[in-house]
Every structure is written in C-alpha cells, then in structure tokens.
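A.B. asks: Quick one: this structure, given as structure tokens, is what I'll be asking you about.
The values are calculated or read from the model by the stated rules, or taken from the named source; none is laboratory data. Since the model is a prediction, treat every value here as computed from it, not as a measurement. Cβ placement follows ideal geometry from the backbone for every residue including glycine, while neighbour counts extend to all protein chains displayed.
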Amino acid sequence: MKLLAPNVLRLLISAAALLLASTSLATSSFSTVVIDPGHGGFDRGGIPGQLVPEKNVALDTALRLQRLLQQAGLHTVLTRSTDVFIPLPQRAAIANAQPQSIFVSIHYNAARRQGAHGIETYFEDSRGAALAARIQRQIISRVSTDNRGIRHATYYVLRKCQKPAVLVECGFLTNPGEAQLALTARYRQMVAEQIAAGILEQRHFAFPAPIDRTPRKKHHKSYRLARKSD
Ligand SMILES: [Zn+2]
C-alpha cells in the first residue's frame, strides 16, 4: 500500500480538525444568557410568613450574575431588573425571542421545616440537565452546604422555554443559617460567580440533543423511568 506524502497527510489532518472544530462550535455555541430573577412586585416568593423576601435576594444575585457574564463577553437579557411582577408566559417569551440563548432562572428555596437547607438546580430536558449539572457542581465546590443535586421539574418557565433552561435554588431562606448568609452581599456574589463559572464552562461543550418526549417512542419510556429514580 502506497503511503500518502507527509504534506498531503498533514493537510488532511488539519482539514479534519477544522471540520470537527466548526461542527462542535456550531452545536455548543450560545452567545446570550437570559437571566430570570424569580418573583417580584406583589409576589414576594417563598412561603407565607417567611421573613426574608425571596424576590430581593433573587434580583440582586441575578444582577451580579449579569455583570459577571457581561465581563466575560456574553450578551445578557434580564426578564426583570427592578421590583416588578412579570407573568410567567412573558418570561418564557423573552427567552424564546433570543436566538442562540440559554435561560437561567434564579430563586431561593423555602420549606416548612426550618432544618431544610442546601442547593438544588432544576431542569426540564437533557440540555437543561447538562447545564444544571455544571452549575450545581460549581456552586457546591465553594458553598459548603447540602448538595441536593439536580432535579427534573416541569415548572412553567422551564417547560415553555425552547432553549436550554435551568432554575437554580440558591439556598433556603426558611433556614436561619442560610437566610443569614443570603442577606450578605458576599454570599450572593459567591453564588453568582459560581453560576457564571458553570455557564462559561458549558460554552466549551455541545448540548446533548433534546430528547423527543413524543409518546410511543422507545427512548421516551426509558427517559421517564430514569427521571423517576432521581
Ligand atoms: Zn422562587
């Protein structure tokens, strides 16, 4: 067998590398992050009687995240930048109007049991799961609390958003210790930095194809079974 001349081989290798680079860039690239601070206006978030309103700390964390992402060269869009109530369909519509975007909703958790604490990140499809895993891992690497993991949920904004979408619960405001932390700028900055790190990490990787959830398809069943175990 006749071997290819080294320069032809080199040319072929660089052409293949270029092709690979351009395809992976095409699948992974997003240039806009739609940041959605939960609640606002008359909707304080959390549960009745909760002392620390969720809407304020969610907005401040979101604004910090926006600054960090802008510094990293990403385009950002906020669903709200002041203390106003934005209906959920409008939040999803804002996200869906942005080409090449991802959607990151910022919330703080609440529970009737004061002891409940920790961080968890929600997703609706396989693309959201990939992003949620990176964000969750980044936050847990710096915030020493319970790692409640990534969880599947059919929250309205996640379901209606056609882009890779996650909802981050940045700690329990009903837990005295975590509420005290959430009230410090230092904690909110740290959480924002870790969410930003997860987002920037995702830029290097392609999103998995969104799993088709149409009934009667084989993989649909296994996906539902997989969800049950989490
Ligand atoms: Zn919330």
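A.B. asks: Could you please find all residues in the range 184-206 being over 17 Å from L63 (Cα atoms) and crowded, with 20+ Cβ neighbours inside 10 Å?
C.D. replies: Passing the criteria: only Q202.
A.B. asks: When the range 31-41 is examined, which residues are found to be in contact with a helix residue (DSSP H, G or I) (Cβ under 8 Å, 6 or more places away or on another chain) and more than 12 Å from the ligand (Cβ to nearest atom)?
C.D. replies: Those that are in contact with a helix residue (DSSP H, G or I) (Cβ under 8 Å, 6 or more places away or on another chain) and more than 12 Å from the ligand (Cβ to nearest atom): V33, V34, I35, G41.
A.B. asks: Kindly provide the set of residues from the range 33-62 that are at pLDDT 95 or above and among the polar types (S, T, N, Q), ordered by number.
C.D. replies: Listed by number, the residues that qualify are N56, T61.
A.B. asks: If I filter the range 68-81 down to residues being in contact with a helix residue (DSSP H, G or I) (Cβ under 8 Å, 6 or more places away or on another chain) and free of Cβ contacts under 8 Å to residues at least 60 places away in the same chain, which single residue comes out as surrounded by the fewest Cβ atoms within 10 Å (Cβ to Cβ)?
C.D. replies: Only one residue tops the list, namely S81.
A.B. asks: Can you find a residue in the range 42-62 that is more than 16 Å from the ligand (Cβ to nearest atom) and surrounded by 14 or more Cβ atoms within 10 Å (Cβ to Cβ)?
C.D. replies: Within the range 42-62, not a single residue is more than 16 Å from the ligand (Cβ to nearest atom) and surrounded by 14 or more Cβ atoms within 10 Å (Cβ to Cβ).
A.B. asks: Follow-up. Name the strands (runs of 3 or more DSSP E) wholly inside the range 89-203 in which the number of residues that are closer than 22 Å to H75 by Cβ and more than 16 Å from the ligand (Cβ to nearest atom) is 2 or more.
C.D. replies: Those strands (runs of 3 or more DSSP E) span 101-109.
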